[in-house]
Amino acid sequence: MPSVLILGGDPNAVPGMDGDVIRAALDQELSRFGDHAIDASMTLIALDESAESVMIAALSERDWDVVVIGGGIRKPEPLLPLFEQVVNLVRRHARKAAIAFNTSGGDSVEAAKRWL
């Protein structure tokens, strides 16, 4: 069974967002992977000093086939340094994994399937 790791920003850590509603949508998307016979895991990071160690632990957990980097990490221009860090951590700690990008939290399955 192929394996996918989704890396995203923790919506509960973003001021002004309804984190619970967004988290429910992300969890629903995660459950869709099972419908496609894909073993998926999601790691949501806080935008603080813990981000790197949390990502390294998730990336090193197993040999992932695809790592999907969510828009909450790569779209906001002020997070460009974090996005660069994420891409380089994937290259170092999940060397065999393809890197995919979703357009929203609702199409991570399609993003991963492009590389499976």
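Observations on the model:
- Residue in region 2-18 that is of a type in the set (Gly, Ala, Ser), touching a residue at least 12 places away in the same chain (Cβ under 8 Å) and touching a helix residue (DSSP H, G or I) at 6+ places or on another chain (Cβ under 7 Å) present: yes
- Condition broken by Phe33, with the remaining ones in (1) open to solvent by 40 Å² or more (accessible area, probe 1.4 Å); (2) at pLDDT 95 or above; (3) in contact with a helix residue (DSSP H, G or I) (Cβ under 8 Å, 6 or more places away or on another chain); (4) over 15 Å from Ile99 (Cα atoms) satisfied: (1)
- Pro15 vs. criteria at pLDDT below 90, out of contact with any Pro (no Cβ under 9 Å at 6 or more places or on another chain), of a type outside the set (A, V, I, L, M) and open to solvent by less than 70 Å² (accessible area, probe 1.4 Å): no
- When residues of region 41-58 are limited to those that are farther than 20 Å from Ser31 by Cα and surrounded by 15 or more Cβ atoms within 10 Å (Cβ to Cβ), the one nearest to the chain's Cα centre (by Cα): Met55
- Helices (runs of 4 or more DSSP H) contained entirely in region 6-74, each with at least 1 residues that are on the phi > 0 side of the Ramachandran plot and among the hydrophobic types (A, V, I, L, M, F, W, C): none
- Of the residues making up region 75-99, those that are outside any helix (DSSP H, G or I) and touching a residue at least 60 places away in the same chain (Cβ under 8 Å) number 2.
- When Asp20 is tested against (1) surrounded by 12 or more Cβ atoms within 10 Å (Cβ to Cβ); (2) more than 18 Å from Thr103 (Cβ to Cβ), exactly one condition is not met: (1).
- The set of residues in region 59-116 being among the polar types (S, T, N, Q) and either modelled with pLDDT under 95 or open to solvent by less than 30 Å² (accessible area, probe 1.4 Å) (or both) consists of Asn102, Thr103, Ser104, Ser108.
The values are calculated or read from the model by the stated rules, or taken from the named source; none is laboratory data. This one's a predicted model, so the numbers in the text were calculated from it and none came from an experiment. FYI the Cβ positions are ideal-geometry reconstructions off the backbone, even for glycines, and counts take in every protein chain you see. Ligands, DNA and RNA are excluded from the accessible area calculation, which covers all protein heavy atoms including side chains. Shrake-Rupley method; radii C 1.70, N 1.55, O 1.52, S 1.80 Å.
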